[in-house]
Amino acid sequence: MTLLLLGEFENPEIWISALKTYQPELKIEVYPNFTNSSEINAVLAWMPPLGVIEQFPNLKVIISTGAGVDHILRDPNLPANIPIVRLVDGSLTSQMSEYILLAVLQYHRQFITYKTQQNQGLWQGLSPRNTANCTVGILGLGVLGLDIAQKLKMMGFAVRGWSRTPKVLDKINCFSGEEEFKLFLSECEVLVCLLPLTPETEGILNQNTFSALPQGAYLINVARGKHLVEEDLLNALKSGQLSGACLDVFQIEPLPKDHLFWTHPKIIITPHIAAKTIPACVAPQIIDAINKSQAGLLLNHTVDVSRGY
Ligand code: NAP
Ligand code: GLV
């Protein structure tokens, strides 16, 4: 049984060592250095090069090294009927919630303005804001969206969420589908994007969406760069429709050196680190997926390819 690491891996050795801790006899190869394509039974992938996965006739499972799978599904030649598994992991979830909490609180407690005042040597308190009056809207109420929605609720924020299918959650105002999108947006002082990237959600952070938010709303995009129409964000910041944005993901990554976002005074940038997979944390579920797929057993966290997530 052979696992192939395919695509972008910062440090394949760390992955190999984490996986071998749980299954020392597992043969692991790193693309493009593999011996025999018919020996590959499992692929562990991040941004796999297009057209490669279809070359393995005995493949039983494709595993994403992250929560998202858009980087796999973009391959038009993926073999049909090979299950795709994504990661659902406590460390990913808590990292993501920490990041969003930090971004929401930075905005809500006006740290961005206080930093500017510090630079000017200005000692001046701003009017305090009532947390219960601050509505945070979460686009996507899946594994990650639900966790941060509950944590923000515990902190006293008014929380609402939007998903594809209807949900009922305690003290979280739930909206679903296109029909309820504008209603959902109408009170979001902070909008957090935690949607998977699919044909339906690509470009969803656009001028129409921004204009349906209360004036001066704050945007946090931690999902994918292609959710955001970057020019529309610049225009919304210029007009004051949005007061600022915290962005972890971008249309092109790494963000090009000459991109306007780098120096924009109302934009905070991080390099796609909101929730980074820790190999040692996820190795057991990867080994489990490989073994179950070989044994023909039901897999956890499989992707519904027709939905795109
Ligand atoms: P998930 O559990 O699959 O949840 C996805 C949520 O989005 C679900 O609530 C789903 O609705 C909703 N959704 C999907 N399509 C929709 C549509 N067309 N309209 C409305 N709602 C829609 O995903 P997750 O684990 O929370 O992860 C979300 C995304 O975060 C990933 O796909 C990935 O791109 C991103 N991510 C980013 C980082 C980072 O470091 N920046 C790290 C990890 C993940 P239903 O509940 O009705 O199905
Ligand atoms: C990271 O972006 C992930 O999808 O886990």
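The values are calculated or read from the model by the stated rules, or taken from the named source; none is laboratory data. Being a predicted model, the structure only gives us computed values, none of them experimental. With ideal geometry, Cβ positions are generated from the backbone for all residues, glycine too; neighbour counts draw on all protein chains shown. Quick note on the areas: whole protein, heavy atoms, side chains included, nothing else; ligands and nucleic acids left out. Shrake-Rupley method; radii C 1.70, N 1.55, O 1.52, S 1.80 Å.
Annotation note: Cβ proximity below 8 Å between a residue of the stretch 130-152 that is in a loop (DSSP other than H, G, I, E, B) and a residue that is open to solvent by 20 Å² or more (accessible area, probe 1.4 Å) and more than 7 Å from ligand 1 (Cβ to nearest atom) (sequence gap 6+ or interchain) occurs for Cys134/Ala158; Cys134/Glu189; Leu141/Leu169; Leu141/Cys174. If the condition is being within 9 Å of ligand 1 (Cβ to nearest atom), without any contact (Cβ under 8 Å) to a residue 40 or more places away in the chain and either aliphatic (A, V, I, L, M) or on the phi > 0 side of the Ramachandran plot (or both), then the stretch 197-235 contributes no residue at all. Considering only residues in the stretch 291-309 that are aliphatic (A, V, I, L, M) and open to solvent by less than 70 Å² (accessible area, probe 1.4 Å), the one that is nearest to Met1 (Cα to Cα) turns out to be Ala295.
A quick yes/no check of all residues on (1) within 9 Å of ligand 1 (Cβ to nearest atom); (2) part of a helix (DSSP H, G or I); (3) modelled with pLDDT under 95; (4) of a type in the set (S, T, N, Q):
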site: Ile62; (1), (2), (3), (4): no, no, no, no
site: Gly68; (1), (2), (3), (4): yes, no, no, no
site: Ile72; (1), (2), (3), (4): no, yes, no, no
site: Pro76; (1), (2), (3), (4): no, no, no, no
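Looking at the stretch 268-290, can you tell me whether even one residue there is within 13 Å of ligand 2 (Cβ to nearest atom), surrounded by 13 or more Cβ atoms within 10 Å (Cβ to Cβ) and among the small types (Gly, Ala, Ser)? Within the stretch 268-290, one or more residues are within 13 Å of ligand 2 (Cβ to nearest atom), surrounded by 13 or more Cβ atoms within 10 Å (Cβ to Cβ) and among the small types (Gly, Ala, Ser). Here's a check for you: in the stretch 79-101, which residue that is part of a loop (DSSP other than H, G, I, E, B) and touching a residue at least 60 places away in the same chain (Cβ under 8 Å) is farthest from ligand 2 (Cβ to nearest atom)? Filtering first and then ranking leaves Pro83.
Per the conditions (1) open to solvent by 20 Å² or more (accessible area, probe 1.4 Å); (2) touching a residue at least 60 places away in the same chain (Cβ under 8 Å); (3) away from ligand 2 (no atom under 16 Å from the Cβ), the sole criterion not satisfied by Gln124 is (2). Looking only at the stretch 67-98, which residues are more than 20 Å from Ile278 (Cα to Cα) and not aliphatic (A, V, I, L, M)? If the condition is that a residue be more than 20 Å from Ile278 (Cα to Cα) and not aliphatic (A, V, I, L, M), then Arg74, Asp75, Pro76, Asn77, Pro79, Asn81, Pro83 are the ones that fit.
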